[in-house]
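Q: I'd like to ask you about the structure that follows.
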Amino acid sequence: VQLQAFGGGLVQAGGSLRLSCAASGSIFGINDMGWYRQAPGKQRELVAKITFAGISTYTDSLKDRFTISRDNAGPTVDLQMNNLKPEDTGVYYCIVAWLGDDFWGQGTLVTVSS
């Protein structure tokens, strides 16, 4: 499974960004898809994940501003981020679960200026 993530960039506080991640290769059998992030000097943390059936889970502190969605035809997983804050700055990684293993994308940088 190969993952290609895009959509990061520089945005002012209060702005929005939409991240997308496309899976290719051996995509049959992909189950959960999701996003993690890693802020400078901090550990990687879960942002949100979504099952094949479309059931989503969020880190509590983000669920009011972030929305995860997926298209199983791609498959792709998107993350809509609204009302961004400087503390949302970091590298965002997409992840997919495939036949019991996790596969990570290369990461896309999100920078939120105050």
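Q: Compare the Cα positions of CYS94, GLY74, ILE55 along the charge dipole of the chain (+1 at Cβ of Lys, Arg; -1 at Cβ of Asp, Glu; about the Cα centre) and return the one farthest towards the positive end.
A: CYS94
Q: Could I ask something else about it? Applying a 10 Å radius around every beta-carbon, put 5-17, 75-87 in order of their mean neighbour count, most first. Numbers along the way, then the final one.
A: On the way: 5-17: 14.6, 75-87: 17.8.
Put in order of decreasing packing, that is 75-87, 5-17.
Q: Skip the ligands, DNA and RNA, and give the accessible area per residue of the chain with a 1.4 Å probe, whole Å².
A: With the other protein chains kept in place, the chain gives 53 Å² per residue.
Q: Now a separate question. How many nm is it between the label spots at SER61 and ASN82, if each spot is 7 Å from the Cα in line with the beta carbon?
A: A separation of 2.1 nm, rounded to one decimal place.
Q: Sticking with this structure for a sec: Size of the dipole of the chain about the Cα centre, Lys and Arg at +1 and Asp and Glu at -1 on the beta carbon, nothing else charged, in debye to 20?
A: Values: 9 positive and 10 negative charges, 40 e Å.
Using only the charged Cβ atoms, the result is roughly 200 debye.
Q: Give me the percent of the accessible area of the range 48-90 that comes from carbon and sulfur atoms, probe 1.4 Å, all protein chains in place. Working shown, then result.
A: Working: 1060 of 2180 Å².
Roughly 49 percent, rounded to a whole number.
Q: While we're here: Would any residue of the range 89-114 have its amide N under 16 Å from a label point 7 Å out along Cα→Cβ of GLN12? List them or say none.
A: 111-114
The values are calculated or read from the model by the stated rules, or taken from the named source; none is laboratory data. Since the model is a prediction, treat every value here as computed from it, not as a measurement. Cβ atoms come from the backbone with ideal geometry, glycine included; neighbour counts cover every protein chain shown. Heads up: the accessible areas ignore ligands, DNA and RNA and are worked out on the full protein's heavy atoms, side chains in. Shrake-Rupley method; radii C 1.70, N 1.55, O 1.52, S 1.80 Å.
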